[in-house]
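S.K.: Sharing a structure below in C-alpha cells format, with a few things to ask.
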Amino acid sequence: AQKVTQAQTEISVVEKEDVTLDCVYETRDTTYYLFWYKQPPSGELVFLIRRNSFDEQNEISGRYSWNFQKSTSSFNFTITASQVVDSAVYFCALKDAGNMLTFGGGTRLMVKP
Amino acid sequence: GAGVSQTPSNKVTEKGKYVELRCDPISGHTALYWYRQSLGQGPEFLIYFQGTGAADDSGLPNDRFFAVRPEGSVSTLKIQRTERGDSAVYLCASSLTNGVGGGNEQFFGPGTRLTVL
C-alpha cells in the first residue's frame with residue numbers, strides 16, 4: 001500500500017534562513033506522481049508542484065526547489081531565504097495507480113521575523 | 001478563472017441530524033474528489049467521481065456517507081445520522097484528468113468545517 005511520511009511535524013526558522021522539508025514515500029507502482037501543497041492559516045490547500053516518477057530532474061521555482069531521489073524514495077522541498085509569508089503547513093502527497101492522493105501528515109513551518 | 005467552491009463554509013449540527021455539503025468544481029474538470037481533514041492531520045480520501053459516476057468510493061467510512069454528482073459538475077456529500085466523530089473539514093478537489101499524464105494535479109476548495117455537537 002502507498003504511504004507518505006513527513007517526519008518533521010514542526011519547524012521554526014528565522015526569516016532569511018533556508019529550510020528543507022523532508023518527504024519519504026512508499027509505493028509498489030513504477031508510475032506515480034508526487035506533489036507538494038501549501039496550507040496557509042486560511043486553510044485552503046494550494047498546489048505547488050507535481051513530479052512524475054520518470055523525471056528525476058530537480059526543479060527550481062524562485063525561492064522554492066525540489067529534490068527528487070528515487071534511490072531513497074524521497075521528494076524534499078527547500079525554501080531559500082524564507083519569509084514570514086512562507087509560514088504554513090506543507091503537505092507532500094503521492095498518486096500512484098490508485099485514484100486518490102495519499103498525503104503525509106504535514107510539516108508546520110513557522111518563519112519568525 | 002474561478003476555483004473550486006464549497007458551501008457552506010461552516011456547518012454546525014446536532015448529533016443524529018442529516019447534512020449536505022456542496023462542491024462546485026473548476027469548469028471543465030471531469031474528475032472530482034472528496035477528502036476529509038481532521039485537526040493536525042493530512043487530508044484523507046473519501047470518494048472520487050469521473051463524470052457522473054462514483055468511480056471509487058473506497059474511502060467512505062461507512063454507509064452513513066453518500067455522495068452524488070448527477071450532472072457531472074456539482075457534487076453533494078451527504079451524511080446521515082451525524083456523529084461527533086464526523087467533525088472535520090471536508091475538502092473537495094477537482095482535476096482535468098485522473099490518469100497518467102498531464103492534468104492530474106488536484107485543485108482544492110476552501111473546505112466546509114463541519115461541527116457535530
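S.K.: What are the ³J(HN,Hα) values, in whole Hz, obtained from phi via the Karplus relation 6.51 cos²θ - 1.76 cosθ + 1.60 with θ = phi - 60°, for each residue of the range A:83-88 in sequence order, with x given for Gly and Pro?
M.R.: Working through the residues one at a time gives 10, 4, 5, 7, 4, 4 Hz.
S.K.: Another question, then. What share of the DSSP beta bridges in the protein assembly as shown is antiparallel, in percent to the nearest 5?
M.R.: For the protein assembly as shown, the DSSP antiparallel bridge percentage is about 90.
S.K.: Among the DSSP beta bridges whose two residues both lie in chain A, what percent are antiparallel, rounded to the nearest 5?
M.R.: Antiparallel bridges make up about 85 percent of those DSSP assigns within chain A.
S.K.: At a Förster distance of 25 Å, what's the computed FRET efficiency of A:Ser71 paired with A:Thr9, Cβ-Cβ distance as r, to 0.05?
M.R.: Step by step, r from the Cβ atoms, then E = 0.45.
S.K.: Which whole-Hz couplings ³J(HN,Hα) result when phi for each residue of the range B:33-43 is put into the Karplus expression 6.51 cos²θ - 1.76 cosθ + 1.60, θ = phi - 60°, listed in order with x for Gly and Pro?
M.R.: 10, 10, 10, 10, 10, 8, 4, x, 10, x, x
S.K.: Using a basic spin-label model with each label point 7 Å from the Cα along Cα→Cβ, how many nm lie between B:Ala2 and A:Val46?
M.R.: 2.2
S.K.: Quick one: 3J(HN,Hα) in Hz for the range A:15-28, Karplus 6.51/-1.76/1.60 with θ = phi - 60°, rounded, Gly and Pro as x.
M.R.: Result, rounded to whole Hz: 3, 5, 6, 8, 9, 10, 9, 8, 8, 10, 10, 9, 7, 8.
S.K.: Just want the answer: with Cβ charges of +1 for Lys and Arg and -1 for Asp and Glu, which residue in B:Gln106, B:Asn10, B:Ser27 is farthest toward the dipole's positive end in chain B?
M.R.: B:Asn10
S.K.: Follow-up. Using a/c under 1.5 as the rounded threshold, could you call the range B:13-97 rounded, prolate or oblate? The axes a ≥ b ≥ c are square roots of the C-alpha gyration tensor eigenvalues, and prolate needs a/b larger than b/c, oblate otherwise.
M.R.: Since a/c reaches 1.5 and a/b is larger than b/c, the shape of the range B:13-97 is classed as prolate.
S.K.: Please give the length that would be gained between B:Ser9 and B:Ala55 if that part of the chain were fully extended, namely 0.36 nm times their separation in residues minus their C-alpha to C-alpha distance (nm, one decimal).
M.R.: 13.9 nm
S.K.: For chain B, set up a Gaussian network in which alpha carbons nearer than 10 Å are linked by springs, and say which option among B:Gln50, B:Gln41, B:Gln80 fluctuates the most.
M.R.: So, out of B:Gln50, B:Gln41, B:Gln80, the one fluctuating most is B:Gln41.
S.K.: Under the rule of at least 5 residues apart or a separate chain, name every residue whose amide H is placed under 5 Å from the amide H of B:Ala55.
M.R.: Those qualifying (amide H under 5 Å, at least 5 residues apart or on another chain) are B:Tyr48, B:Phe49, B:Gln50.
S.K.: Taking amide hydrogens as modeled 1.01 Å from N in the peptide plane, which residues meet the under 5 Å criterion relative to A:Ser87, leaving out close sequence neighbours?
M.R.: A:Val111
S.K.: Within the range B:22-51, find all residues whose amide N lies under 15 Å from a label point positioned 7 Å from the Cα of B:Val74 along Cα-to-beta-carbon.
M.R.: Inside the label zone: B:22-27.
S.K.: Separate question: If you build a Gaussian network model of chain A, linking Cα atoms that sit under 10 Å apart, which residue out of A:Leu94, A:Leu21, A:Leu45 swings the most?
M.R.: A:Leu45
S.K.: Now a separate question. Of A:Met110, A:Met100, which has the most accessible area and how do the rest follow, probe 1.4 Å?
M.R.: The most accessible residue leads, giving A:Met110, A:Met100.
S.K.: Using a ≥ b ≥ c from the Cα gyration tensor of the range A:3-112 (square roots of the eigenvalues), is it rounded, prolate or oblate, where a/c under 1.5 gives rounded and otherwise the larger of a/b and b/c decides, a/b for prolate?
M.R.: Prolate shape, in that a/c is at least 1.5 and a/b is the bigger ratio.
S.K.: Additional query: Give me, ordered by chain and number, the residues 5 or more places off A:Glu17 or on other chains with an amide H under 5 Å from its own placed amide H.
M.R.: For A:Glu17, whose amide H was placed from the backbone, the distant partners under 5 Å are A:Ser82.
The values are calculated or read from the model by the stated rules, or taken from the named source; none is laboratory data. Just so it is clear, the structure is predicted and the values come from calculations on it, not from any experiment. Neighbour counts are summed over all protein chains in view; Cβ atoms, including those assigned to glycine, are modelled from backbone coordinates with ideal geometry. All accessible areas refer to the heavy atoms of the entire protein, side chains included, with ligands and DNA or RNA removed. Shrake-Rupley method; radii C 1.70, N 1.55, O 1.52, S 1.80 Å.
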